[in-house]
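Accompanying notes for the structure given below.
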Amino acid sequence: MIDQKTAMPRRTWRNRNGNGSPFRGRWARLPRSARWASLLGVALLAYLLPYVGSIPGIGPQIVTEGIDWPSALFNISYFVLLALGLNVVVGYAGLLDLGYVGFFAVGAYSVALFTSPDSILNTGWSWLAAVPVAIALTLVSGVILGWPTLRLRGDYLAIVTLGFAEIIRNTANGAEFMRGDRGFGGIPHPPGSLGDNSPIFGVRDATPYYWLGLTIIVVVIIGVRNLEHSRVGRSWLAIREDQEAAEMMGVRTVKYKLWAFAIGAAIGGFGGVMFAGEQGFLNSATFQLLFSILVLAGVVMGGSGNIPGAILGGALVSYVPDRLRGVEIAGTDAFQFRMLIFGFMIIVVMVFRPQGLLPSRRRAAELADRAKEATA
Amino acid sequence: MLLELADVSLCYGRIRALHGISLIVEEGEIVALIGANGAGKSTTMRAISGLRPLSGGAVRFDSTDISRLRADLRVIRGIVQVPEGRGVFPGMTVAENLAMGAYARRDQAAIRDDLEKVFVLLPRLLERKGQAGGTLSGGEQQMLAVGRALMSRPRLLLLDEPSMGLAPMIIQQIFEIIEEINRQGTTILLVEQNAQQALSRAHRAYVLETGRIVQSGTGKELLDDSAVKEAYLGVA
């Protein structure tokens, strides 16, 4: 038998600057201080986004029309947060989770149950007091979902996670203490007040919520990045690339998969906590399956396994539909066509850039490897 | 006796894959396990490396019963398996793959020494150090898989079908490497379909048929055995 792999021309995936893309090569060669400075600059620009509308010329093109711009930014912030969390599960550990909205719901409902006057718990905590409890609960729910599903892979895992999200949604719908579509009102906003005693987190302007979300995002990015480069991250990578080989190298796959689920869930919980604090109201209609699919689409489209990719993807899945609001196409609000436009967008990206808009170089290599196996 | 399997049986659900396997591997040996597809060769490997729980019998390593020991702890004790089909991490570079081999170890200085040794033994890996595992040729991937396993400092190296899908010349080369590793002091248990190569290189061998050991002897004895010849060497 002739070894086809030896006969084939060697793929030159590292030919430019020894690393996936020319940009990444240049970026890696920058001194550490310069990299930090530019990241700081990007973060600063992100904090200034609420004022982007006042830039003459391009500003009005960027801001949304049918929804006020700060609210759209807030939407982006929790979608980005969810994308970052799902990226840990799907992108790093390679576990396909279709029920990620479940964790978002657990986070939001935990806050509602402990703070809302409608709750049977009647604890009436402040938002801030409920946050650690809510995060702890989502973390636990991540482990609860993770534990029985550890032996499952690929499609089977996806189906179970889908079922998990449906269980949460049905509980929210059906259980008396979850109040179904009547929902929970009067969920308190985050604390803090300005000089004139007016609260920082009010109902008129979503800008402070966006800044809060952005701050959480920055913290999460730092945490996730550190994890990625730690032993935990290496274990995830090995599990994703070849679970069996990882096990043979001594990676405790069960432990690290649980970690991925728990950490991903906790980040999703943060999204829910923020959402509940901003909205002040939530009911069972909020947590549709579509939500999970959107976040997953964001992660895959942006570039699974890469933090900038997840951020870009998460932002796009939130921004594009919001931007279409209030724009007229042939006499109809373009928002009505959002799924059509959106679906088309995803197809185009997947056809021309299956590894995502900002892929991780490893993911790209794995994809190439799998394609090779499929054609061999 | 480095490794002993005593009456090991193993089930996948209701299907019994191993029916009481007993075998021994002495320190410093190359032992081959030959047999047809589905005879239970890879399952035996999994029983030894701890990837599947036993349903009966015992695995002893270095005179201690490790039947219930977790797989990652077996790696620390010095049992490491090279997976069938190589199982190279495709997105990691050659260097990163090798580093994964030392995953269970913490002695950084000794790890660096071992990396040097692996590069001396397998110079091709040094040439390809920065290249992604998935872009290597089949032979190179097999070398990488072996080198990666060596990075864990094994006392017992389990090789699952190292010749699978490789050209005859490359197979020759891989077996020479295996013999060299053995000469340097690592005990080897080898599963092979390529019975000719395996038997001519192994000190001793076992023949596995539908989950049972049906024959054993030195490599040479089995090479000359008429039943083995007929069944596995394609000579009547």
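Only the coordinates and a few stated rules stand behind these numbers; no lab work does. Being a predicted model, the structure only gives us computed values, none of them experimental. Using ideal geometry, Cβ is built from the backbone for each residue, glycine included, and neighbour counts are taken over all protein chains shown.
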>> Cut-off is 10 Å between beta-carbons; in what order do A:His189, A:His229, B:His203 appear when sorted fewest neighbours first?
In response: A:His229, B:His203, A:His189
>> I need the P(r) histogram for the stretch B:57-116: all alpha carbon pairs, bin width 5 Å from 0 out to the longest distance, whole percents.
In response: 4, 14, 22, 20, 18, 13, 7, 2
> How big is the equivalent ellipsoid of the stretch A:68-288 along its three axes, where each semi-axis is √(5λ) from the Cα gyration tensor, reported in whole Å from largest to smallest?
Replying inline: 32, 20, 13
> For the stretch A:275-362, what D do you get in µm² per second when you plug the Kirkwood radius from alpha-carbon pairs into Stokes-Einstein at 25 °C and 0.890 mPa s?
Replying inline: 173 µm²/s
> Quick one: what does P(r) look like for chain B with 5 Å bins over all Cα pairs, in whole %?
Replying inline: 1, 7, 15, 18, 20, 17, 12, 7, 3, 0, 0
> Taking K and R as +1 and D and E as -1, what net charge do the other residues with C-beta under 10 Å from the C-beta of A:Val89 add up to?
Replying inline: 0
> Given a cut-off of under 8 Å on Cα pairs at least six residues apart, what relative contact order in percent is computed for chain A?
Replying inline: 27 percent
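Roughly what percent of Cα-Cα pairs across the stretch A:267-307 reach past 12 Å?
Details: 561 of 820 pairs.
Considering the stretch A:267-307, 68 percent of its Cα-Cα pairs are separated by more than 12 Å.
Please report the antiparallel percentage of DSSP beta bridges with both residues in the protein assembly as shown, rounded to the nearest 5.
Values: 25 of 44 bridges.
If I count the DSSP bridges inside the protein assembly as shown, around 55 percent turn out antiparallel.
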> Over 32 Å between Cα atoms, which of A:Lys257/A:Lys372; A:Lys372/B:Lys229; A:Lys257/B:Lys129 qualify?
Replying inline: A:Lys372/B:Lys229
> Once the Cα atoms of helix B:168-183 and of chain B are each reduced to a long axis, what angle between those two axes, in degrees from 0 to 90 to the nearest 10, is obtained?
Replying inline: 90 degrees
> Given the convex hull over the Cα atoms of the stretch A:151-262, what projected area results after averaging over all orientations, in nm²?
Replying inline: 11.0 nm²
> Hey, what angle do you get for helix B:108-121 against the long axis of chain B, alpha-carbon based, 0 to 90 degrees rounded to 10?
Replying inline: 70 degrees
> Hey, got the Cα dimensions of the stretch B:102-236 along the principal axes, in Å, largest first?
Replying inline: 51, 28, 25
> How big is the stretch A:90-177 by Rg and Dmax over its Cα atoms, in Å?
Replying inline: 14.5, 42
> Hull surface divided by four, with the convex hull built on the Cα atoms of the stretch B:22-75: how many nm²?
Replying inline: 4.2 nm²
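Let me confirm one metric for peptide B:161-169, namely the mean number of other chain beta-carbon atoms within 10 Å of its residues' beta-carbons. Let's see the in-between values first.
Working: counts 0, 0, 0, 0, 5, 4, 7, 3, 2.
For this peptide, the per-residue mean of nearby foreign Cβ atoms is 2.
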> If you average the sequence gap of Cα pairs under 8 Å that are 6 or more apart and divide by the length of the stretch B:3-232, what percent do you get for the contact order?
Replying inline: 29 percent
> From the phi of every residue in the stretch B:73-88, what ³J(HN,Hα) in whole Hz does the Karplus formula 6.51 cos²θ - 1.76 cosθ + 1.60 yield, where θ is phi - 60° and glycine or proline is x?
Replying inline: 6, 5, 4, 4, 6, x, 9, 9, 10, 9, x, 4, x, 6, x, 6
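Express the relative contact order of the stretch A:68-288 as a whole percentage, based on alpha carbon pairs under 8 Å and six or more residues apart in sequence. Intermediate values should be presented prior to the final figure.
Details: 358 pairs, mean separation 91.7, N = 221.
It rounds to 42 percent for the stretch A:68-288.
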> Rounded to whole Å and sorted largest first, what semi-axes of the equivalent ellipsoid does the C-alpha gyration tensor of the protein assembly as shown yield via the square root of 5 times each eigenvalue?
Replying inline: 54, 27, 21
> Roughly what angle does helix A:32-48 make with the longest principal axis of chain A, taking Cα atoms, 0 to 90 degrees, to the nearest 10?
Replying inline: 40 degrees
>> Among A:Ile120, A:Tyr92, A:Gly271, whose Cα projects farthest towards the positive end of the dipole of the stretch A:68-288, with charges put on the beta-carbon of Lys, Arg (+1) and Asp, Glu (-1)?
In response: A:Tyr92
